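The values are calculated or read from the model by the stated rules, or taken from the named source; none is laboratory data. A quick note: this is a predicted structure, and the numbers were derived from the prediction, not measured. Neighbour counts are summed over all protein chains in view; Cβ atoms, including those assigned to glycine, are modelled from backbone coordinates with ideal geometry.
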Amino acid sequence: MHVWGAACACLDTAGRTIGTPSVKWLMPVLVALLALLCGSAFLSSGNGNARAAEPQRFVVSIKSRKVEPAQKLIRVTRGDAVELEFSTDEEAELHLHGYDRLIKVEPATTAVLRLDATIAGRFPIEAHGFASGRSGHGGHVVLLYLEVHPR
């Protein structure tokens, strides 16, 4: 029968030392566990999260029911915070498909659509009827696309 002595030596029943246990492996294991626990706590607290960054802001101007060619495609990465700022020369309701978000835009003002890009894909942004009702296509006109790329 073995008993642990005060100096961590293995003793037999007569109290004679028969060897010392090897604990050299214990310290690196404890350090690794501590690092793992601290790292996961850091990530779950949000300190390592990209959402803490400022949102990506895009300014889109709608004139004569069209946007400039450079504004027809907006590219972001999944997880990004996004702000789309719209101005227009004619009242309309805009619909971001895939995210099912609607926003009303009016002349002489700006309207901002804020979202977290959580769904990857290519999503049209349509005008659902301009104020004068001359839009054609059943009142729906695709103005631009939002592309959300995976990380």
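Among the residues of the stretch 129-151, those identified as surrounded by 14 or more Cβ atoms within 10 Å (Cβ to Cβ), modelled with pLDDT of 90 or more and not charged (D, E, K, R) are V141, L143, L144, Y145, L146, V148. Within the stretch 65-91, being under 17 Å from V141 (Cα atoms) and free of Cβ contacts under 8 Å to residues at least 40 places away in the same chain holds for E68, P69, F86, S87, T88, D89. If I filter the stretch 61-72 for residues that are at pLDDT 95 or above and under 20 Å from the mean Cα position of the chain (by Cα), do I get at least one hit? No, there is no match, as no residue in the stretch 61-72 is at pLDDT 95 or above and under 20 Å from the mean Cα position of the chain (by Cα).
Does the stretch 93-116 include one or more residues that are under 20 Å from A53 (Cα atoms), hydrophobic (A, V, I, L, M, F, W, C), within 28 Å of the chain's Cα centre (by Cα) and surrounded by fewer than 16 Cβ atoms within 10 Å (Cβ to Cβ)?
Step one: of the stretch 93-116, the residues under 20 Å from A53 (Cα atoms) are 112-116.
Applying the additional criterion that residues be hydrophobic (A, V, I, L, M, F, W, C) yields 112-113, 115.
Remaining after also requiring within 28 Å of the chain's Cα centre (by Cα): 112-113, 115.
So of that shortlist, the ones also surrounded by fewer than 16 Cβ atoms within 10 Å (Cβ to Cβ) come out as 112.
Yes; the residues of the stretch 93-116 include at least one that is under 20 Å from A53 (Cα atoms), hydrophobic (A, V, I, L, M, F, W, C), within 28 Å of the chain's Cα centre (by Cα) and surrounded by fewer than 16 Cβ atoms within 10 Å (Cβ to Cβ).
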